[in-house]
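Quick note: the coordinates plus some simple rules give every number you see, no bench work behind them. Because the structure is a prediction, the values reported are computed rather than measured. Cβ coordinates were reconstructed from backbone atoms using ideal geometry, including for glycine residues, and neighbour counts include every protein chain displayed.
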Amino acid sequence: MRYPPLDVLALWPRPNYKNPITRGPALIIVELAILPIALICVTLRLWIRIRWLHKSWWDDWLMVAAAIFSCGTTVLVILATQLYGWNMHVWDLQLSQMETGRKASMAGQSLFVLASSFVKISILVSYLRIAPERSLFRRLVWATFGVVVAAMVVFFILLWTQCLPISSYWDFLSNHRDCIPEGPPLVAQTVINVVTDFMIYVLPMPTLFHLRLPSSQRIGLMILFGVGGVIVIAGSFRAYWIHYVLYDTYDVTWEGFQIWIWTAVETNVGVICGCIPALKPLLFRSQSRTASQGSRLYGSGTSWKKQHQTPVYLELDTHGLTANDPNISTGYSSSAPPHFTSDASRSSMDKSGHATPREHQKGYTY
């Protein structure tokens with residue numbers, strides 16, 4: 001926190017400790033509206049993966065962790081702006097309120113780093129499920145994964161070691177105050193955060209664009225995956241206000257109100273956008289029913305029920321994003337049955353020359 005020079009202090013009005021001007025309840029309305037949506041998306045994702053598909057993985061549970069940190073961030077944002085002075089002018093705050101507000105800032109930054117990082121890690125892990133071995137796509141995913149994890153560790157350490165002792169961060173009367181400038185690490189963190197957000201939501205686009213699908217379906221998938229670009233916008237707003245508060249104003253609690261808004265919005269929007277691709281079975285139920293009827297062409301419907309197989313249409317067929325077989329990329333071909341070369345594969349053909357449901361399913365699941 002920068003100390004204002006004397007000429008700036010001379011222009012500040014007299015403190016109003018009894019009835020200060022505040023920002024109002026706008027933040028509470030926004031946050032309490034968006035947080036339930038994020039929690040609903042995570043709940044639906046788990047229901048689809050566990051109850052419907054019987055196939056959860058690390059990306060699902062990493063998103064649960066991200067949602068927990070996002071909830072903590074939202075709660076802290078509300079407390080900071082309603083109780084700890086981050087919706088008031090700095091000249092209307094008493095010293096004790098300033099110190100409490102600085103503690104809230106430390107906690108809020110910590111929760112944000114964890115929430116945003118776990119959202120990104122979850123999305124990248126979901127990409128690893130579909131990326132073929134030794135492919136460029138897989139190498140790019142791993143490179144981005146390394147950047148995200150390294151940034152999380154480095155900035156978390158910098159946050160808690162920028163002042164020695166750490167209490168100097170909020171204790172303005174400390175006798176042994178030894179702090180590095182707060183601005184450069186925080187600005188660097190916001191810039192890297194926006195860049196990695198952009199990288200994550202651009203990574204699958206070239207693969208989606210070259211899918212062997214009708215244009216409408218290919219564009220639909222690109223929109224489904226690309227909706228996460230909204231978080232890039234939220235992160236950009238947050239980066240702007242952090243730079244403004246750190247370098248362009250001394251009324252940090254009044255202008256910092258904007259940082260708190262975009263902090264909670266970015267984490268919750270990140271959870272929502274990260275869950276949207278997993279909600280495809282609910283978003284496109286009509287296509288799911290059509291695919292379900294088509295799957296009955298393969299083998300006996302009775303034996304299919306006995307095997308308790310997960311319907312292939314229920315989960316986003318992301319394996320097709322990188323498959324070499326055009327029949328896998330586009331789904332089964334109605335004009336030509338799949339080609340099998342091994343004896344084991346031939347034994348899986350039914351009398352009509354088509355693949356059995358079990359073999360057909362293997363081409364779709366990952």
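Sequence-ordered 3J(HN,Hα) estimates for region 118-124 from the Karplus curve with 6.51, -1.76 and 1.60 and θ = phi - 60° stand at 5, 4, 5, 4, 4, 5, 5 Hz, glycine and proline given as x.
A straight chain from Leu39 to Tyr17 at 0.36 nm per residue would run longer than the Cα-Cα distance by 4.1 nm.
Placing a label point 7 Å from the Cα of Trp47 along the Cα-to-Cβ direction, the residues of region 56-98 whose backbone N falls under 19 Å of that point are 56-57, 60-61, 63-65, 67-68.
Modelled spin labels at Leu128 and Ile166, positioned 7 Å past Cα toward Cβ, are 2.8 nm from each other. Would you please classify the overall shape of region 19-283 from the alpha carbon gyration tensor, given that a ≥ b ≥ c denote the square roots of the eigenvalues, rounded means a/c under 1.5, and beyond that prolate means a/b larger than b/c while oblate covers the rest? Prolate, since a/c reaches 1.5 and a/b exceeds b/c.
With 10 angstrom as the radius, rank Glu133, Glu266 by how many other C-beta atoms surround their C-beta, starting from the fewest.
In order of increasing Cβ crowding within 10 Å: Glu133, Glu266.
With the simple spin-label model, which puts each label point 7 Å out from Cα in the Cβ direction, the Tyr247 to Val153 separation comes to 3.0 nm. Between Trp58 and Leu136, the simple label model (points 7 Å from Cα in the Cβ direction) yields a spacing of 2.5 nm. Exposure proxy shown here: for Lys280, Lys55, Lys18, Lys120, the number of other Cβ atoms within 10 Å sets the order, fewest to most, as Lys18, Lys55, Lys280, Lys120.
When Tyr169, Tyr247, Tyr240 are sorted by how many other C-beta atoms sit within 10 angstrom of their C-beta, beginning with the fewest, the order is Tyr247, Tyr240, Tyr169.
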